[in-house]
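Remarks on the structure that follows.
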Amino acid sequence: MEIYKETGKTKTQLESESRLTPPPYEYIVFAINMEREKLYERINKRVDIMFDKGLVNEVKNLLNMGYTKDLVSMNGIGYKEVVDYINGKYSLDETKEIIKRETRHFAKRQLTWFRREKDVTMVNYFDYDSIDDTLKYMINTLREKDIIKND
């Protein structure tokens, strides 16, 4: 509604029009990739850390503030499962495993999408010794494509 009120056009119309005009700058999209097994290990560890840092209390506080499971913001991976845990649908361990599984599935869908995109440069995380080396590769790629100038 706000888009239409401000522009007189629907969101769909604006998006269609924006695709007709190339961006005013050159760019490269980099997608960080890693072996699936390592990625899944990192996801599992991250979910455990989220719980250790208070995910359940965060969701309880949101519910106490009047946020409900029906809100889009409460339907992100993690939130909706914790609401189900709070409501007794799952045990804590089941909830953690569901979140880990759903996050792994989401990561797989993201990587599939990135691989299909023709303008995405995949960067294999473990091909480099450090984040700095990964960034150097990316910067050198941008220089080679003359997107950034050598200083």
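The values are calculated or read from the model by the stated rules, or taken from the named source; none is laboratory data. These figures come from a predicted structure and were not determined experimentally. As a convention, Cβ positions derive from the backbone with ideal geometry for all residues, glycine included, and neighbour counts pool all protein chains shown. Note: areas computed on protein heavy atoms with side chains; ligands, DNA, RNA excluded. Shrake-Rupley method; radii C 1.70, N 1.55, O 1.52, S 1.80 Å.
For the chain, relative contact order (Cα pairs under 8 Å, six or more residues apart, normalised by length) works out to 33 percent.
Applying 1/(1 + (r/R0)^6) with r as the Cβ-Cβ distance of Thr121 and Glu37 and R0 = 22 angstrom yields a FRET efficiency of 0.45. Among Arg42, Arg116, the order of accessible area from largest down is Arg116, Arg42, computed with a 1.4 Å probe on protein heavy atoms.
Per residue, what accessible area does the chain have, given a 1.4 Å probe and all protein chains present, in Å²? Let's see the in-between values first.
Working: 11560 Å² over 151 residues.
Here the per-residue accessible area is 77 Å².
Quick one: accessible surface of Lys108, probe radius 1.4 Å, all protein chains present, in square angstrom to the nearest 10. In the full protein context, Lys108 sits at about 100 Å². Taking a sphere under 13 Å around the Cβ of Lys96 and counting the other residues whose Cβ falls inside, with K and R at +1 and D and E at -1, yields a net charge of -3. Approximating the spin labels as points 7 Å out from Cα along Cα→Cβ, the Leu14-to-Glu2 distance works out to 0.9 nm.
With the cut-off at 1.5 for a/c, could you classify segment 64-132 from its C-alpha gyration tensor as rounded, prolate or oblate?
The shape class here is prolate.
Met65 contributes about 130 Å² of solvent-accessible surface, heavy atoms of the protein only, 1.4 Å probe.
Remark: for residue pairs Lys9/Lys69; Lys38/Lys80; Lys38/Lys136; Lys9/Lys149, the C-alpha separation exceeds 29 Å in Lys9/Lys69; Lys9/Lys149. Averaging Cα coordinates gives a centre for segment 83-117 and one for segment 8-48; these two points are 19 Å apart.
Placing pseudo-labels 7 Å out from each Cα toward the beta carbon at Lys149 and Glu26 gives an inter-label distance of 1.3 nm. In this view, the solvent-accessible surface of Glu17, computed with a 1.4 Å probe and all protein chains in place, comes to about 80 Å². Proximity of backbone amide H atoms, modeled 1.01 Å from N, is registered between Phe30 and Thr121 at under 5 Å, excluding neighbours fewer than 5 places apart on the same chain.
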